[in-house]
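Shown next, in structure tokens, is the structure this report addresses.
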Amino acid sequence: MQEKNKILALFTLFVFTFLLGPLVIISVTSFEPGNVLKFPPEGFSFKWYLNIFEVQMFLETFKISILVSLAGNLLALVLGIPAAYALSRADFRGKEIVNAVFLSPILIPGIVLGFTLLKYIIVTYQLPIYAGLFIGHTIIMLPFVIRVISSSLSNFDFSIEEAALSLGAGRLETFFKVVLPNIKTGIIAAVIIAFLESFNNVDISVFMTGPGISTLPIQMLTYVQYYFDPTIASISVLLMILTAILMFLIERLLGLSYFTKR
């Protein structure tokens, strides 16, 4: 038994090293004082972190990423909350098919979905690039919104809603005053998860961006084609910190058990 435990411990250590090793290397190399990305670094400096705010294209694409993620998130909520409620509350023919359609953006490979959106949204219908980004990011956020809110609704006691209806409250009034306040933590978690998915997205954004309009991840890819300094490593560290903070908030709001029940 002891031998098996040792093997399991070594295997677990190997897995964690394999997963976290690249993140540690990126974090360490971001402090390299020289002009070339090196590991191990030859010194310690914050100059590449400061360089992030001196490169205008990073600031501009950061704003675009934030705006697209927030706008798409809002539309995903407007569509996702009623959809999650209907899928959790109603029982109708074809429910599984509807659920599969809503979740399909996370099942279809991102490159396939991105090329399809490019072909129809940009080429066929000739919509502006901002509109294409907005639609594309809404589509990839919608499954996460529906999934998380559905998980939250699965723990909601619908007898409370029925009691409000029996006391004379209307359907809409009951939904906004009874249902939504009881699943607000799930809604907040859905917003955070969807935001992270949108903000860090590459495979959809690479097809939906164009001259003068790009998102931060795409701009980072463009930057490394011409420069090999630690600036990208510094941005990556900041994004990792942002992601860790947001995931901590999700855990505090819902807990991991919410994502393993359904």
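The values are calculated or read from the model by the stated rules, or taken from the named source; none is laboratory data. None of these values were measured; they are calculated from a predicted model. Quick reminder, even Gly has a Cβ in these numbers, built from the backbone with ideal geometry, and neighbours come from all protein chains shown. All accessible areas refer to the heavy atoms of the entire protein, side chains included, with ligands and DNA or RNA removed. Shrake-Rupley method; radii C 1.70, N 1.55, O 1.52, S 1.80 Å.
Overview of values
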read-out	value
Number of Lys pairs (Cα under 29 Å; 8 or more positions apart or on different chains) in the chain	9
Region 29-84 and region 181-215: distance between their alpha carbon centers, rounded to Å	13
Once exposed loop chymotrypsin sites (Phe, Trp or Tyr not before Pro) are cut out (DSSP; at most 13 other Cβ, 10 Å), longest piece of the chain	126-227
Where trypsin sites (Lys or Arg not before Pro) fall in DSSP loop in region 1-86, at most 16 other Cβ within 10 Å	LYS38
For the chain: Kirkwood Rh in Å [reciprocal of mean 1/r, alpha carbons]	21.2
Helix 216-226 vs. the chain, principal-axis angle (Cα, 0 to 90°, nearest 10)	20
Calculated FRET value between GLU173 and ASP91, using beta carbons and R₀ = 25 Å, to 0.05	0.60
Net charge contributed by nearby residues that have their C-beta within less than 14 Å of PRO82 (K/R +1, D/E -1)	+2
Rounded percent of accessible protein surface that carbon and sulfur make up, region 47-258, 1.4 Å probe	70
Residues of region 47-258: accessible area per residue with a 1.4 Å probe, Å²	53
Mean ellipticity per residue at 222 nm, deg cm²/dmol - from DSSP H runs of n ≥ 4 across the chain, formula -39500 (n - 2.57)	-22500 deg cm²/dmol
Inter-probe distance in nm under a simple model that places probes 7 Å from Cα toward Cβ, at MET247 and GLU54	3.2
Cα-based helix-to-principal-axis angle, 95-107 vs the chain, degrees rounded to 10	10
Helix 231-253 vs. the chain, principal-axis angle (Cα, 0 to 90°, nearest 10)	30
Under the Karplus curve 6.51 cos²θ - 1.76 cosθ + 1.60, θ = phi - 60°, whole-Hz ³J(HN,Hα) for region 51-62, x wherever Gly or Pro sits	5, 4, 7, 9, 8, 4, 5, 5, 5, 5, 5, 4
